Amino acid sequence: MNTYFCQWVAKPPGISVRMKTRNENNGILHRIYYLYRDGFRGMTVGRYLWALILIKLFILFFIFKLFFFPNLLNRDYNSDEERAQAVRSALMESDR
Amino acid sequence: MNDLITVVDWSRWQFALTAMYHWLFVPLTIGLALIVAIMESIYVKTKNVKWLAMTKFWMLLFGINFAIGVATGIILEFEFGTNWSNYSWFVGDIFGAPLAIEGIVAFFMESTFIAVMFFGWKKVSPAFHLTATWLTAAGTALSALWILVANAWMQQPAGMEFDPEQMRNVMDNFWAIVFSDTAVAKFTHTVSSAWVLAGVFVIGVSCWFILKKRNVDMAMDSIKVASWVGGIGILVTLATGDMSAVNVAKHQPMKLAAMEGLYRGSCGQELVGLGVLNPDKKVGDDNDPYLFDIAIPYGLSFLATHNPHAFVPGIDDLIEGIELTREGDTIRTIGYAERIAIGREAHEALRAYDSARANGDDAGMEAALKDLRAAYPYFGYGYLDSPEEAVPPVALTFYAFRVMVMAGGYLLLFFAVALIGVYWRQGWLKNKVVNWVGMFSIVVVWICSQSGWITAEVGRQPWVIQDILPTRAAISEISASSVMLTFWMFAAVFTILLVAEISIMLTQIKKYSKEDITTISKS
Ligand code: HEM
């Protein structure tokens, strides 16, 4: 059983790569390109995970960051001097 | 004021929620990357296909955890900008550029090497592949570096100077920040605790294989690697935990007192191994702090200072500014009422500086700056209304510390049993009860790791920067309802992610254990 497992797993599990022999003389950029291209094409679980990552990033950056989490000091003030002044007022007032 | 408290409380809950969820994924990524790198090294050396299989199986689980956990930490940065804008500005450089650079470097490093790890099996040489795996392992640990250094700076502000004109701290000694006692202890304790966590995870999952009698040989070899990583990890974790305790005693004695539920300290102070706190105990009263306790004589003095006879102050001692010599003589230190007065002087000096600057009065600015510098170490106390406000939530800190330390003791035993079992007493590991204990320990180690952060972060309250800025002054002017809304949104998103992680992992683990030769040969 264990050997079967090994043979099975020996193929990249879930994220197995569809193999294509490429011309070794291809430039480094080509090789990187094919690494990613073939890698992405051959994915199984990886496909699902990528979908999850993209949905997550969308929720984080397009929903949370855009609508709920502005950088207040950057949004409300134009210069570092104004920002410093705003923080000064806030910090000096909250001790009273 | 009430609304402020609600905003502060909700923002703290939100930060705690996001940090704790984020921390569910991070240690497994750090630790599992190392385990996978070791397995692959053995495969490259032996060319034994079993080790290739193990590498790929655990690499898949690493990939799932990485994919789900990646970017969950970015939310903390969103919160800095929105909920904690005063704080973000005030801390200056420390959270700015280095964190951004680290994020970008880590992202490119990880996305390149992880791509080679998963896609490059037949595309690059075994040596190159192995290098990529090791660099991923190093990259995951290093990507925790700056955020831990920044956290350490909040516990032990070093290497920065406050600039009243910019109203922020300016870095004046990079190395003092990176190599502060707390930064070194925090980084080493955290990374080694991640090895421990991943070691337990691998052993726990392997126990399930053994319980189901599937791929037992592979499970046994996985346990070998995991128990070495976890075994060394737990020794380093205990040593660095001890180092952390010494640092806490030195830089945050109030946190240490809370960790121990200690109100009145003594020379040769005992350590409460196990105890139940008295809920009626208040600062300054004569009630016994414990309803029940089992103590180790001289333990706390030894843990905190490595000298069994040293004095360890309790909460009341610190507030009153009392320290004792070994001979029992009282030495006065700066009590908290005095600190509050000094803090207020610092605030006055800052105001004087501002008005002198507005009037173009250079001499006035210089004099005010001198006063400010002298009083600045207690700047944050100027915000407190009473000394009692400087006491952290004792019960949560006390119990969280106990859970971490007791779990640490249990895990030492756990790895000892795993090592002996896997090399000399294989029968132990085939025992059903042992298998269940192995699986259950996965929960224990995560609770342990989270308790570490609860100890560190709850124990340092009310400070967001030790002695310099209390949490409530760090907050932005936002409404509690908006924080509440995003709190629940985060809770929902993170819960979905966690459920996804667990279910994808379980599906893959089951699938791998069940495959037969026909399917394998066709896959
Ligand atoms: C028995 C031994 C241990 C001792 C004496 C110990 C001590 C400490 C102390 C004093 C802190 C607080 C540090 C601070 O506030 O700056 C801490 C934090 C922490 N501990 Fe432990 N610890 C032990 C075991 C463990 C174990 C077994 C784990 C996990 C497997 C762990 C994980 C953590 C984590 C994640 C933190 C938060 C990060 C940090 O502040 O370093 N600890 N530990």
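The values are calculated or read from the model by the stated rules, or taken from the named source; none is laboratory data. The shown structure was predicted, so the numbers you read here are calculated from the model rather than taken from an experiment. Ideal geometry is used to build each Cβ from the backbone, glycine not excepted, and the neighbour counts take in all protein chains shown. Areas reflect the complete protein model, heavy atoms only, side chains present, ligands, DNA and RNA absent. Shrake-Rupley method; radii C 1.70, N 1.55, O 1.52, S 1.80 Å.
Provide a whole-number value for the mean count of partner chain Cβ atoms within 10 Å of the Cβ atoms in peptide B:146-156.
Working: counts 0, 0, 0, 0, 0, 0, 0, 0, 0, 0, 0.
Mean shielding by partner chains, rounded to a whole number: 0.
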Checklist entry - Heavy-atom accessible area per residue, segment B:183-308, 1.4 Å probe: how many Å²? => result 38
Checklist entry - For segment B:93-230, what size does the Cα cloud have along each of its three principal axes, sorted from largest down, in whole Å? => result 68, 34, 20
Checklist outcome for this item: Long-range amide H partners of B:Ile296, meaning residues 5 or more apart or on another chain whose placed amide H is closer than 5 Å, are B:Leu271, B:Val272, B:Gly273
Checklist outcome for this item: Using eta = 0.692 mPa s and T = 37 °C, Stokes-Einstein with Kirkwood Rh from Cα pairs puts D for segment B:256-330, in µm² s⁻¹, at 265
Checklist outcome for this item: For segment B:336-387, the Kirkwood Rh over every pair of distinct alpha carbons, in Å, works out to 10.8
Next on the checklist: Please report the projected area of segment B:1-151's Cα convex hull averaged over all directions, in nm².
Outcome noted: 9.4
Checklist entry - Given N residues in segment B:150-208, what is Rg(Cα) / (2.2 N^0.38 Å)? => result 1.72
Checklist entry - If Lys and Arg each add +1 and Asp and Glu each add -1, what is the summed charge of the other residues whose beta carbon sits under 12 Å from the beta carbon of B:Glu389? => result 0
Checklist outcome for this item: With DSSP loop assignment and no more than 13 other C-beta atoms within 10 Å, the trypsin sites (Lys or Arg not before Pro) in segment B:1-79 are B:Lys47
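Local charge sum around B:Ala456 (other residues, Cβ-Cβ under 13 Å, Lys/Arg +1, Asp/Glu -1)?
+2
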Checklist entry - How long is the gain from B:Ala176 to B:Met489 if the chain were fully straight, where each residue apart is worth 0.36 nm and the alpha carbon distance is subtracted? => result 108.8 nm
Next on the checklist: What is the angle, in °, between the Cα long axis of helix B:2-46 and the longest principal axis of the Cα atoms in chain B? Nearest 10 is fine, range 0 to 90.
Outcome noted: 40
Item to check | In degrees, nearest ten, helix B:145-155 long axis to first principal axis of chain B (Cα) | outcome: 30
Checklist entry - Toward the positive end of the charge dipole of chain B, about the Cα centre and with charges on Cβ (Lys, Arg +1; Asp, Glu -1), which of B:Ser244, B:Ala363, B:Met117 goes farthest? => result B:Met117
Checklist outcome for this item: Sorted on mean Cβ neighbours within 10 Å (highest first), peptides B:389-400, B:104-115, B:199-210 come out as B:199-210, B:389-400, B:104-115
Checklist outcome for this item: Over all Cα pairs of segment A:43-95, the Kirkwood radius sets Rh, and Rg/Rh then becomes 1.35
Checklist entry - Amide H of B:Asn278: which non-local residues (sequence gap of 5 or more, or other chain) have their own amide H closer than 5 Å, using H built in the peptide plane? => result B:Tyr290, B:Leu291
Next on the checklist: Can you list residues from other chains, or at least 5 along the same chain, whose modelled amide H is less than 5 Å from the amide H of B:Ser266?
Outcome noted: B:Val312
Next on the checklist: Taking 8 Å as the Cα distance limit and 6 or more residues as the minimum spacing, I'd like the relative contact order of chain B as a percentage.
Outcome noted: 18
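What whole-number volume per residue, in cubic angstrom, does the convex hull of the C-alpha atoms of chain B give? Provide the component values of the computation, followed by the final result.
Values: hull volume 87.4 nm³, N = 523.
Spread over its residues, the Cα hull of chain B gives 167 Å³ apiece.
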Item to check | Dipole magnitude of segment B:256-330, debye to nearest 20 (Cβ charges: Lys/Arg +1, Asp/Glu -1, about Cα centre) | outcome: 240
Next on the checklist: Checking a compactness column here: for segment B:370-414, what do you get for Rg(Cα) / (2.2 N^0.38 Å), N being the number of residues?
Outcome noted: 1.97
Checklist entry - Could you list, bin by bin from short to long, the percent of Cα-Cα pairs of segment B:164-321 in 10 Å steps? => result 10, 25, 24, 21, 14, 4, 1
Checklist outcome for this item: In this structure, the FRET efficiency calculated for A:Ile28 and B:Ser125 from their beta-carbon separation, with R0 = 22 Å, to the nearest 0.05, is 0.95
Checklist entry - What does the charge add up to near B:Leu303, with Lys and Arg as +1, Asp and Glu as -1, over the other residues with Cβ less than 11 Å from its Cβ? => result -3
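Tell me, rounded to the nearest percent, the portion of alpha carbon pairs in the protein assembly as shown spaced more than 48 Å apart.
20
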Checklist entry - Ordered by packing density, taken as the mean number of other Cβ atoms within 10 Å over each peptide's residues, highest first, how do A:75-88, B:259-272 rank? => result B:259-272, A:75-88
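Among B:462-474, B:30-42, B:426-438, what's the highest-first ranking by average C-beta atoms within 10 angstrom per residue?
Top of the packing list down: B:30-42, B:462-474, B:426-438.
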Checklist entry - Near B:Lys282, which lysines are there with a Cα under 23 Å away, not counting those fewer than 8 places off in the same chain? => result B:Lys255
Checklist entry - Taking a 1.4 Å probe, which of B:His306, B:His347, B:His189 shows the most accessible area, and what order do the others take after it? => result B:His306, B:His189, B:His347
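Let me know the mean shielding of A:53-64 by other chains, meaning the per-residue number of their Cβ atoms within 10 Å of its Cβ.
So the per-residue partner count for this stretch is 4.
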Next on the checklist: Could you give each residue of segment B:228-245 its phi-based ³J(HN,Hα) in whole Hz, using Karplus coefficients 6.51, -1.76, 1.60 with θ = phi - 60°, and x for Gly or Pro?
Outcome noted: 5, 4, x, x, 5, x, 5, 5, 5, 4, 5, 5, 6, x, 5, 4, 4, 5
Checklist outcome for this item: Output field shielding_mean for B:49-58 (other chain Cβ, 10 Å radius) holds 5
Checklist entry - So for segment B:22-67, what are the equivalent ellipsoid semi-axes in whole Å, largest first, each being the square root of 5 times an eigenvalue of the Cα gyration tensor? => result 23, 10, 5
